[in-house]
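Read through the structure below, which is laid out as C-alpha cells, and then see the notes.
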Amino acid sequence: MKEEFSWPRQAAEDGSAGKQPLLVLIGPTAVGKTRTSLDIAKTWNAEIISGDSMQVYRGMDIGTAKIMPEEREGIPHHLIDICDPEYAYSVADFQTGAAEAIGQIAGRGRLPFIVGGTGLYVESVCYRYRFAENGSDEPFRREQELFAAEHGAEALHGRLGAVDPEAAQRLHPNDLRRVIRALEVYHLTGQTFSEQQAGQTKESPYELCIIGLTMDRAELYRRIEQRVDLMMEQGLVEEVQRLLARDLPPTAVAMQGLGYKEIANYLQGNCSLEAAVELLKRDTRRFAKRQLSWFRHMKDIHWIDMGENFHNNLQSIHAIIAGKFQVDLEYTSNQSFRRG
C-alpha cells in the first residue's frame, strides 16, 4: 500500500509557512476537464471544488454535465448540490463557500483543487475580489425585466453592449440576472462593471498553479455537439419539465443555464424540439468561445492542448504542478510518489 502524500497545513499564525497552495484547472465546456481532474486529484492527494456556477443546484444534473457521486472515484467534491433552484446563487456566495472549502481541505493535509469553467467565479477566489456594495434599485430592475419580456433577451443584452461592450461580450444574452445587474451597476454608479473588475488586484493570497485546457476549435465544437446529443438521450427534456413544474420564474438564475432556457422554450410551445436542440448547440459553441475569451485575460496560465496524446498531457501537467509547488517528489508510471 503506497504512502499517501500529505501537503503542509495552512500557514502558521506568524505566516512562516508561506502561502497556501491552490491548484486550478480551467477550460471551455467539453474540453475534458472532468476526466483530467480525477487523475490529477488522485495523483496529488487533492479534493475538488467545483468552479461551475450551475452545478450548485440540486436536481440540475444532466444539463450541467454534473459529475455524479458514483463517477467521482472516491475523490471528495465540494460546492455541488448545495442549494435549490429557487435560490439566486451568486459569485459572492461562491467566493465565500470556496474559501471555506480551501481552508478545510488544507486543514486535512490535502491540496485544494478548483475545477471549472465559470471565469468570474474562479478569478474571484484566486485573487480574492472585493465586491462593492453598490446598492440596488428595484424599480430599475423591474423595468429591465419588463423590457426583456416585451422585446427579448437579445434587446436587453444590446443595452448592455451600448454601455459596457466588454461585459456584454462575456455575458450570455439569456443570463438576464447578470445582464440586469451589470446595467444596474452602471445606472447606480456611472462606472461599468468591467471598469470595476479592472480595478481589482491581481495579487493572489494563494500560491497558485493554474492549468488551462484547450484544443482545436473544430474538434471542440464536435465534442460539444456530441455532448448535447448525449444530454438529450439521458433525459434533459424530463429534467427541464421537473424544473418547470416547480413554477420557477423565467428570470430565475437556474433557468438561465445552458440547456434549460432552450428546452423550456420548446416545452412552452415556442419552437420544435429539433430547433431547440440546434439552438442549444449553437449557444454552447458561443459559450465556449466566451469562456476562452475570458481565460485569455487571466494571467499565469499553463496551457495544455488536449488534442494531443492524453497520457503525455497528464505527464506535462504533473511536471508543471511539481515545478510550481516545488514538491520534491517523483511521479512514476504506477502513479505513486517517491520522496526525492
Next on the checklist: Can you give the FRET efficiency to the nearest 0.05 for GLN241 and GLU195, using r as the Cβ-Cβ distance and R₀ = 51 Å?
Outcome noted: 0.80
Next on the checklist: Which one, VAL122, VAL237, ASN312, is farthest towards the positive end of the dipole of the chain when Lys and Arg carry +1 and Asp and Glu -1 on their Cβ?
Outcome noted: ASN312
Checklist entry - How far is helix 138-151 tilted, in degrees, relative to the longest principal axis of the Cα atoms in the chain, given as a value from 0 to 90 rounded to the nearest 10? => result 70 degrees
Item to check | Segment ARG128-ARG142, length gained on full extension (0.36 nm per residue, minus Cα span) | outcome: 2.0 nm
Checklist entry - When a footprinting reagent is the concern and you count Cβ atoms within 10 Å, what order do MET232, MET255 take, fewest first? => result MET232, MET255
Checklist entry - Considering amide H positions built from the backbone, and no H for Pro or chain starts, which residues 5 or more places from GLU207, or on another chain, come under 5 Å of its amide H? => result GLN20, LEU22
Next on the checklist: Please give the charge dipole size of the chain, origin at the Cα centre, charges +1 on K and R Cβ atoms and -1 on D and E Cβ atoms. Round to the nearest 20 debye.
Outcome noted: 660 debye
Checklist outcome for this item: Among the Cα-Cα pairs of the stretch 138-198, the proportion with separation greater than 19 Å, in percent, is 19 percent
Item to check | Loop-located chymotrypsin sites (Phe, Trp or Tyr not before Pro) in the stretch 94-175 whose Cβ has at most 14 other Cβ within 10 Å (DSSP) | outcome: PHE131
Checklist entry - DSSP loop GluC sites (Glu not before Pro) in the stretch 159-244 with at most 16 other Cβ atoms within 10 Å of their Cβ, which ones? => result GLU203
Item to check | Simple label model, 7 Å out from Cα along Cβ direction - LEU188 to LYS19, nm | outcome: 3.1 nm
Checklist outcome for this item: In this structure, among LYS281/LYS324; LYS19/LYS289; LYS202/LYS261; LYS33/LYS281; LYS42/LYS289; LYS299/LYS324, pairs with alpha-carbon gaps over 25 Å are LYS281/LYS324; LYS19/LYS289; LYS202/LYS261; LYS42/LYS289
Checklist entry - Given LEU156, ALA167, LEU146, which one lies farthest toward the positive end of the charge dipole of the stretch 138-198, if we put +1 on the Cβ of every Lys and Arg and -1 on the Cβ of every Asp and Glu? => result ALA167
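Expressed in nm to one decimal, what extension gain is obtained for the pair ARG35 and GLU70 from 0.36 nm per residue of sequence separation less their Cα-Cα distance?
Using 0.36 nm per residue and subtracting the Cα-Cα distance, I get 11.2 nm.
Nearest 500 deg cm²/dmol is fine: what mean residue ellipticity at 222 nm does the chain get from its DSSP H runs of n ≥ 4 alone, each adding -39,500 (n - 2.57), divided by its residue count?
Numbers: 13 runs with 162 residues, N = 340.
Dividing the helical sum by the residues of the chain leaves -15000 deg cm²/dmol.
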Checklist outcome for this item: Computed over the chain: longest principal axis from alpha-carbon atoms vs helix 217-234 long axis, angle to nearest 10 degrees, is 70 degrees
Checklist entry - Between TRP294, ASN270, ALA252, whose Cα lies farthest towards the positive end of the dipole of the stretch 247-294 when Lys and Arg beta carbons carry +1 and Asp and Glu beta carbons carry -1, centred on the Cα centre? => result TRP294
Next on the checklist: Quick query: amide H of GLU47 versus all other amide H atoms, modeled in the peptide plane; which residues come in under 5 Å with a sequence gap of 5 or more or a different chain?
Outcome noted: LEU111, PHE113
Item to check | Pairwise centroid distance, computed over Cα atoms, of the stretch 76-125 with the stretch 15-44, Å | outcome: 13 Å
Item to check | Charge dipole magnitude, Cβ of K and R +1, D and E -1 - the stretch 138-198, Cα centre, debye nearest 20 | outcome: 120 debye
Next on the checklist: Nearest 10 degrees is fine. How inclined is helix 153-163 to the longest principal axis of the chain, computing both from alpha carbons?
Outcome noted: 70 degrees
Checklist entry - Residue by residue through the stretch 67-74, which ³J(HN,Hα) values in whole Hz follow from phi under the Karplus form 6.51 cos²θ - 1.76 cosθ + 1.60 (θ = phi - 60°), with glycine and proline marked x? => result 6, 7, x, 6, 9, 8, 6, x
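Taking the stretch 179-257, which trypsin sites (Lys or Arg not before Pro) meet the DSSP loop condition and have no more than 13 other C-beta atoms within 10 Å?
Passing both the DSSP loop test and the Cβ count: LYS202, ARG246.
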Checklist entry - To the nearest 0.05, what FRET efficiency results for LYS289 and SER6 with a Förster distance of 30 Å applied to their C-beta separation? => result 0.15
Item to check | Read-out Rg and Dmax of the Cα atoms in Å, derived from the coordinates shown; its label in (i) 20.1, 62; (ii) 20.7, 66; (iii) 23.3, 80 | outcome: (ii)
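Throughout, read-outs are computed from the coordinates displayed, never taken from laboratory work. If you're wondering where the values come from, they're calculated on a predicted model, not measured in any experiment. Methodologically, a virtual Cβ is constructed for each residue, glycine included, from the backbone with ideal geometry; neighbour enumeration extends over all protein chains shown.
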